[in-house]
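Reading through the structure tokens given below for one structure.
Any read-out appearing in this document is the output of simple, stated calculations on the displayed coordinates, not a laboratory observation. All values reported here derive from a predicted model rather than from experimental measurement. Counting neighbours? That spans all protein chains shown, and the Cβs are built from the backbone with ideal geometry, glycine included.
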Amino acid sequence: MHFVISVFIAVCLIAVVVLFAELFPKWVQYAFIAVSCVISGYALAILVRKIAEEFAWYAKPDLMPAFYAGTGVAFVVAIIVMVIINKKANKAN
């Protein structure tokens with residue numbers, strides 16, 4: 001249940017950034033995206049732990065290292081998406 005709640009909160013934060021992009025300054029948008037990435041990383045860490053428990057492939061990993069790895073992955077994905085969006089926006093102009 002924690003996984004679902006974390007994913008829901010992360011999606012809601014991104015939706016707020018998209019819906020109110022014209023109202024918020026850039027630093028507020030980046031803060032929302034950073035918090036969303038951290039929450040997504042936590043959700044990924046929970047997912048990895050649940051998969052490890054369910055399939056018993058290896059011992060259940062500690063939460064913090066999995067959280068750090070998940071947060072890193074979420075930040076990398078967010079940066080890649082922002083670069084792609086900026087390139088498409090520059091081509092349109």
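Return the FRET efficiency for the residue pair Phe24, Ala56: r is the Cβ-Cβ distance, R0 is 35 Å, and the value is rounded to the nearest 0.05.
0.20
Packing-wise, with mean Cβ within 10 Å as the measure, how do 69-82, 14-27, 37-50 rank, highest first?
Details: 69-82: 14.8, 14-27: 11.0, 37-50: 20.2.
Put in order of decreasing packing, that is 37-50, 69-82, 14-27.
Based on the alpha-carbon gyration tensor of the chain, what equivalent-ellipsoid semi-axes (square roots of 5 times the eigenvalues) come out, in whole Å, largest first? Write out the running numbers ahead of the final one.
Values: eigenvalues 184, 41, 21 Å².
Value: 30, 14, 10 Å, ordered largest first.
Compute the distance in nm between two label points, each set 7 Å from the Cα along the Cα-to-Cβ direction, one at Ile80 and one at His2.
2.7
Full extension from Ile14 to Tyr68: what is 0.36 nm times the residue separation minus their Cα-Cα distance, to one decimal in nm?
Computed gain between Ile14 and Tyr68 is 17.4 nm.
Please report how many Lys pairs in the chain have alpha carbons closer than 25 angstrom, counting only residues at least 8 apart along the chain or sitting on separate chains.
Here the count comes out as 4.
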